[in-house]
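Everything on this sheet refers to the single structure shown next.
The values are calculated or read from the model by the stated rules, or taken from the named source; none is laboratory data. Since this is a predicted model, take the numbers as computed values, not measurements. As a convention, Cβ positions derive from the backbone with ideal geometry for all residues, glycine included, and neighbour counts pool all protein chains shown.
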Amino acid sequence: MDLSSYKGIIFDMDGTLVDSMPAHLEAWEKTCAIHEIPFDRQWFYELGGMPSVRIAQEINRSFRQNFDTERLANTKYKFYDEIAYKAEVIESVYQVLLDHKGSKKMAVGTGSRLFNAEPLLGQTGILPMLDALVTADDVVNHKPNPDTFLEAAKRIGVTPHECVVFEDTELGQKAALAAGMDCYLVVDGEITTLTKATR
């Protein structure tokens, strides 16, 4: 993998840089159980990168419900907070961070909110290695819109086409490509194909 043509590297967090998706899925499963919502693990996984309140909106849309989305998201946050061991680093992607620390600008662009992202990145020792952190609280339009990655590029002072993104969901990949950034897809903890953005 040759990253020499890029000046900035932007990582998604959940499922890409840290394996916290099982904790998020467990929290959603418990939330669904008490609200009698059908729980489809794959469906929820594919929404990875989307803030919890947006997922709550998707639940309403997909299941033709009228839940209070803030309340649904807060229930999920509560269950997530109760999970003691939330994540570990994904070695293949973490190694990219280590290999290019100091030589390239680094950012995380996540659909998680700051109060979830900061402690997670702190516990795993990643936070001090980053030049910027962009969370769901920093943008209005979330993935698959490009805003998260465009904001990350802006904060690290690198033009979008000089950034490469690491993502684990199609939603996130769409956001990266829409931002004009090439994107490596991470599947089951392994870095796979590079998709080039059209310029």
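The set of residues in the range 66-75 that are without any contact (Cβ under 8 Å) to a residue 40 or more places away in the chain and surrounded by 14 or more Cβ atoms within 10 Å (Cβ to Cβ) comprises Phe67, Thr69, Ala73, Asn74. Of all residues in the range 148-167 being small (Gly, Ala, Ser) and crowded, with 21+ Cβ neighbours inside 10 Å, which is nearest to the chain's Cα centre (by Cα)? Within the range 148-167, the match that is nearest to the chain's Cα centre (by Cα) is Ala152. Among the residues of the range 106-135 satisfying the criterion of being β-branched (Val, Ile, Thr) and within 18 Å of Gln173 (Cα to Cα), which is surrounded by the most Cβ atoms within 10 Å (Cβ to Cβ)? So the residue we want is Thr110. Applying a threshold of 7 Å to beta carbon distances and a minimum spacing of six or more residues, or different chains, the list of pairs starting in the range 1-25 at a residue that is on the phi > 0 side of the Ramachandran plot and ending at one that is of a type in the set (D, E, K, R) reads Gly15/Asp168. One residue is enough: does the range 187-194 have a residue meeting the conditions within 21 Å of Gly48 (Cα to Cα), out of contact with any Ser or Thr (no Cβ under 6 Å at 6 or more places or on another chain) and hydroxyl-bearing (Ser, Thr, Tyr)? Within the range 187-194, one or more residues are within 21 Å of Gly48 (Cα to Cα), out of contact with any Ser or Thr (no Cβ under 6 Å at 6 or more places or on another chain) and hydroxyl-bearing (Ser, Thr, Tyr).
Each row is one residue, and each column tells you yes or no for (1) part of a helix (DSSP H, G or I); (2) of a type in the set (Val, Ile, Thr); (3) modelled with pLDDT under 90; (4) under 19 Å from the mean Cα position of the chain (by Cα).
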site: Ser5; (1), (2), (3), (4): no, no, no, no
site: Pro22; (1), (2), (3), (4): yes, no, yes, yes
site: Glu26; (1), (2), (3), (4): yes, no, no, yes
site: Pro38; (1), (2), (3), (4): no, no, no, no
site: Trp43; (1), (2), (3), (4): yes, no, no, yes
site: Gln57; (1), (2), (3), (4): yes, no, no, yes
site: Thr75; (1), (2), (3), (4): yes, yes, no, no
site: Lys78; (1), (2), (3), (4): yes, no, no, no
site: Ser92; (1), (2), (3), (4): yes, no, no, yes
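In the range 45-55, which residue that is assigned to a helix (DSSP H, G or I) and crowded, with 20+ Cβ neighbours inside 10 Å is modelled with the lowest pLDDT? Among them, the one singled out is Ser52.
Once the range 94-107 is narrowed to residues that are among the aliphatic types (A, V, I, L, M) and either outside any helix (DSSP H, G or I) or touching a residue at least 60 places away in the same chain (Cβ under 8 Å) (or both), the residue that is farthest from Gly157 (Cα to Cα) is Val96.
Restricting attention to the range 108-127, the residues that are closer than 15 Å to Gly49 by Cα and outside any helix (DSSP H, G or I) add up to 6.
Every listed requirement among (1) in a helix (DSSP H, G or I); (2) among the basic types (Lys, Arg); (3) touching a residue at least 60 places away in the same chain (Cβ under 8 Å) is met by Lys174 save one, (3). Only residues that are within 22 Å of Glu170 (Cβ to Cβ) and assigned to a loop (DSSP other than H, G, I, E, B) were counted in the range 7-20, giving 7.
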